[in-house]
């Protein structure tokens, strides 16, 4: 099942600088909607729910300062079996989702790309392949300006995940390749310069960030003008019967799989709970627009189990 | 057809504005149209998007659409060299000062560029007609000829890569849009001609002109004559055929009516004969009971 919600018309929102949130003080943003325009009343509710994301660890309530550490522990524990568990939980579908993400990105030679929370390198490797295999043939026709080196930065807060990624790179023979750069860093406070990236992807990572709006603001900061933001994330299913099947699968099957294969039930319990706590598609699209992005769209895959949000910085 | 209908409703005085109107129409581009030069022409560098001279706009356009339009406009300059491809669009985006990543945000990438070009040409055609293309002293068939010629001359700078554009338009995914654009173009041409008194059906008129336009367009791809003289001769012949076709269709209609009347009479006669035979036979058989 493949639902596409894409927008043709747009709404320009001019906001006055109410509210304490600094991202809400941006002068002009636009949100793409499918059917006409809808004026969004100024969200005090959104501040509350953002706050709730920052203090939620799955269905538990935790202190904001602690969330980061707790998430870190989760990923330290799962790093080694992360890829296998992905395959098992999604029935191999996660590969197709990531292919779709990279397809949407349309990587080109000479691009500077940042993949955040991309620890084990799935997305980064796909971008690397896309740029270097087929497109290299087309390089001959391209201007000299674009013959700069492609740079793909993989940023992750967890060194264990990065190590797994580096290992996989070595296995593919890309260990010394200068195009792939592994950086340890925090999505909320990136160490890259302003306006330096052509593309920014975050696959199955933004859910784990404590302050989503900060991550979005950082994404906005590092992207160049015309740069694209793409986010692949588990999202909300609304289809009646399928929703129940999905819930059953999430809460009954996945933690058991986690126990069986990775030996870690709690981490996978956290995973499925955090998916439920993450804002739904429309809400997240609003947050992206609040960060200053234009042409915010999202595409549901498998009926909403996964959604790809995309936007441009202008 | 939607645009021309709107124009008629709102009066000729209003400047029509399309949603996708670019903020730059390179002045060198329009001047090239007037001289109908052949081959690849260099366009002077635009200093950057100009907001002035936009004209009255009905709806404020979202910024990203404007930006995309700017990128497409800049990409057209690279088409002669790079073709209707992503590379041309990336080069265009660099000209505008935007990351080439924006190309990824166009749905059906190269098709977006071709469609933008088609829209721009239609707009230019409308402008040329509005600003006094001399059509008054010509008979309808010559007016049509002239309009098609004006429109096809806009493609001259890109003629070397035009087959690629045609193949992009023929792609199943892109057919709905390209068909709609051509329909609008043909409708616009008939509207400019004045939609004179004619016996032909509305659809037939547009289909015929669509056929004339497409065949001439394809003929032009292989024409080497100076100033595309042979193409214009071909065009004139086709238009003449089309107008003759109108008369032929009328004659055919009358002919069919006559035949139909004749056949109908003889069929009726036959049926009468049959009924009579059956009734007499039936009468005879019934009498035997």
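Every number in this text was worked out from the coordinates using simple rules, so none of it is lab data. These numbers were taken from a predicted model, which means no experiment stands behind them. Neighbour counts are summed over all protein chains in view; Cβ atoms, including those assigned to glycine, are modelled from backbone coordinates with ideal geometry.
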Distances longer than 20 Å among the Cα atoms of the range B:151-289: what percent of all pairs is that?
65
Apply 1/(1 + (r/R0)^6) to the Cβ-Cβ distance of residue A:259 and residue B:173, taking R0 = 45 Å, and write down the FRET efficiency to the nearest 0.05.
0.45
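So how do B:84, B:202, A:182 line up by other beta-carbon neighbours within 10 Å, fewest first?
Values: B:84 28, B:202 12, A:182 20.
Arranged by neighbour count, lowest to highest, B:84, B:202, A:182 become B:202, A:182, B:84.
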Neighbour-count order for B:251, A:213, fewest beta carbons within 10 angstrom listed first
B:251, A:213
FRET efficiency for residue B:263 and residue B:130 from the Cβ-Cβ distance with R0 = 35 Å, rounded to 0.05, comes out at 0.10
Is there a simple number for the mean count of other chain Cβ atoms within 10 Å of the Cβ of residues in A:227-237, and what is it?
1
Residue mean of other protein chain beta carbons inside 10 Å, B:106-116
0
Shape call for the range B:62-106, from the Cα gyration tensor axes a ≥ b ≥ c (a/c under 1.5 means rounded, otherwise prolate when a/b beats b/c, else oblate), comes out prolate
Using a 10 Å cut-off around each Cβ of peptide A:110-117, what is the average number of partner chain Cβ atoms that fall inside?
1
Compactness of the range A:77-312, expressed as Rg and Dmax over alpha-carbon positions, Å
17.7, 55
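With 10 angstrom as the radius, rank B:280, B:215 by how many other C-beta atoms surround their C-beta, starting from the fewest.
Working: B:280 10, B:215 13.
Result, fewest neighbours first: B:280, B:215.
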Please compute the modelled spin-label separation between residue B:227 and residue A:176, points set 7 Å along Cα→Cβ, answer in nm with one decimal.
6.6
Taking the Cβ-Cβ separation of residue B:138 and residue B:160 as r and a Förster radius of 30 Å, what is the calculated FRET efficiency to the nearest 0.05?
0.45
